[in-house]
1. Considering only residues of the range 334-378 that are among the acidic types (Asp, Glu) and under 29 Å from the mean Cα position of the chain (by Cα), which is surrounded by the fewest Cβ atoms within 10 Å (Cβ to Cβ)?
2. Which ones in the range 85-125 are of a type in the set (Gly, Ala, Ser), at negative phi, in contact with a Lys or Arg (Cβ under 9 Å, 6 or more places away or on another chain) and at pLDDT 95 or above?
3. Scan the range 224-262 residue by residue and report those that are within 21 Å of GLU70 (Cβ to Cβ) and charged (D, E, K, R).
4. Please go through the range 197-244 and pick out each residue that is among the hydroxyl-bearing types (Ser, Thr, Tyr) and surrounded by fewer than 17 Cβ atoms within 10 Å (Cβ to Cβ).
5. Could you check how many residues of the range 452-493 are within 23 Å of the chain's Cα centre (by Cα), under 22 Å from LEU159 (Cβ atoms) and among the hydrophobic types (A, V, I, L, M, F, W, C)?
6. If you check ALA287 against the conditions, is it closer than 30 Å to LEU360 by Cα, surrounded by fewer than 19 Cβ atoms within 10 Å (Cβ to Cβ), among the hydrophobic types (A, V, I, L, M, F, W, C) and in contact (Cβ under 8 Å) with a residue 60 or more places away in the chain?
7. Being among the hydroxyl-bearing types (Ser, Thr, Tyr) and in a loop (DSSP other than H, G, I, E, B) is the filter here; which residues of the range 282-306 pass it?
8. Here are the criteria: (1) under 27 Å from ASN443 (Cβ atoms); (2) among the basic types (Lys, Arg); (3) out of contact with any Leu (no Cβ under 6 Å at 6 or more places or on another chain). Tell me which single one LYS355 does not satisfy.
Amino acid sequence: MPPVHRLTFFCIALVAVCLGAAAPAAAQAETTLRASLHSDLKVIDPVWTSALITTHHGFMIYDQLFALDEKLAIKPQMIDTWSTSTDQLTWTFKLRDGLAWHDGAPVTAEDCVASIKRWAVKDGMAQKMMASIKDIAAVDAKTFTFVMKEPYGLVLDTLGKATSNVLFMMPKRVADGDPNTQLSDTTGSGPYIFKRDQWKPGEKAVYVKNTKYVPRAEVPSGYAGGKIVNVDRVEWVWIADNQTQVAALQSGEIDLIEAPSHDLVELLLKDKAVDTFVAAPMGRQYALRFNTLHKPFDNAKIRQAVAYAFNQKDFLDAVVGNPKFYVICKSLYPCGSPNETIKGWEDKLESNIAKAKALLAEAGYDGTPVVMMQSTDNSALSNLAPVAKSLMEKIGLKVELQATDWQTVVTRRAKKDLPDKGGWNVFFTSWGSIDVVDPVSTNFLNASCEKATFGWPCDETLEKLRDAYARETDIAKRKAIAEAVSVRASDYVTHIHLGQYLQPTAYRTNLTGLLVASNLVLWNVSKK
């Protein structure tokens, strides 16, 4: 496999490390795969939070109705057959044979209906789809239907999305719970079983092979195809320090680092026992999120001022460092993707301090401190906060930097409390580029007020444009709507995109079968 630096953005292709001509070799008894992921696992409900580590957890133990393959095509996963009526107002879905929960009970259509309804309360893309649905109902044990109010162009795209919040199927007894309350029952139907009794937050999370899982009889590709498990046990070992992670990989204490620090990748490439690959060739995007509920960012002009104050290069140099791993891109949608556009952002993200100061004065900024959450244990995010603080202070904002671990950020960002009472004003995150390829899938563009994700932007114009995009079937017209969203988002400013980057994964060469997907997946992997 070529070294990671030879890979380029937006090259979706079959990779030799992902697929072999022969079926995966049978795992040896009690084979354990130890991986150090980008964050510690503290929240286990992938509906309650959109945190990537929790989504990773979801893919281990749950399954999807539809899934994206490595070429980003929608494929059936738990679904066997589906059809639409001539008027496109009735969708019928039938589950495939062999689906069972970890406790042995069969997966039913009622389970799926309940799972869809719980998920749709939290996910922005799901909310758009549900607005066009009149009814969801189970017809029999294996069949359920959508009855639409009107034709909707993104049904399968929504059901098969691979980004947070992912539609994972759960037993009805679990899915009937309040989506705003974290679940405690982790029963799924996926290829691994979560050993909650062995879970030690801050230390490790443990998964064992689901020996009763029936994979699809297809070659694995991305999140789709046959999810074949070739190891008996997976341990997510939490190691906060980057150097310690690398030392553990080189010594064989762990088998894989999901997101090694970019400045250590060249060192790893010199080790003959270690190799790297990019699980998401489309790259990732950094972002700063505003809380629009509280001062000072309840004022759009102050949010605009920050957009003028920032520049992407400072952020990317601070976190990624090596220009061969990053791309400066003003487009809200990833550069190289169909909706790429800089409309509305032409004069922003260039550290125009004078313009930013003028907007701040025009807005009547009164000195209210900006409570900025910094996740110091996440190397992919930690250095973003000091850069933002410096640039904000240059234009006259007062900034209170509060350092914490990422999982505390994940929990705290869901709170609507005043910033000085345990709430917040801004935080930083990153997502796969496929999370933000259009106005509907981009979670931070959801401006539906109380229904929006943390930050809770509220803008009728944005929502009407996103609705129009979701209902439009003509590609050229969709592109025009996406551009209009970009312009409106540059004025209202729900968040600021801080550039794109490639994240290599490092692994010991005795691992084979790692798959190209939008993020790391751990089925199909064999350990010699």
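The values are calculated or read from the model by the stated rules, or taken from the named source; none is laboratory data. For clarity, every value in this text was computed on a predicted model and none was experimentally measured. FYI the Cβ positions are ideal-geometry reconstructions off the backbone, even for glycines, and counts take in every protein chain you see.
1. Among them, the one singled out is GLU346.
2. ALA100, ALA109, ALA114, SER115, listed by residue number.
3. Of everything in the range 224-262, those that are within 21 Å of GLU70 (Cβ to Cβ) and charged (D, E, K, R) turn out to be LYS227, GLU258.
4. Of everything in the range 197-244, those that are among the hydroxyl-bearing types (Ser, Thr, Tyr) and surrounded by fewer than 17 Cβ atoms within 10 Å (Cβ to Cβ) turn out to be THR211, THR244.
5. Total satisfying the criteria: 3.
6. no
7. THR292
8. Here LYS355 clears every test but (1).
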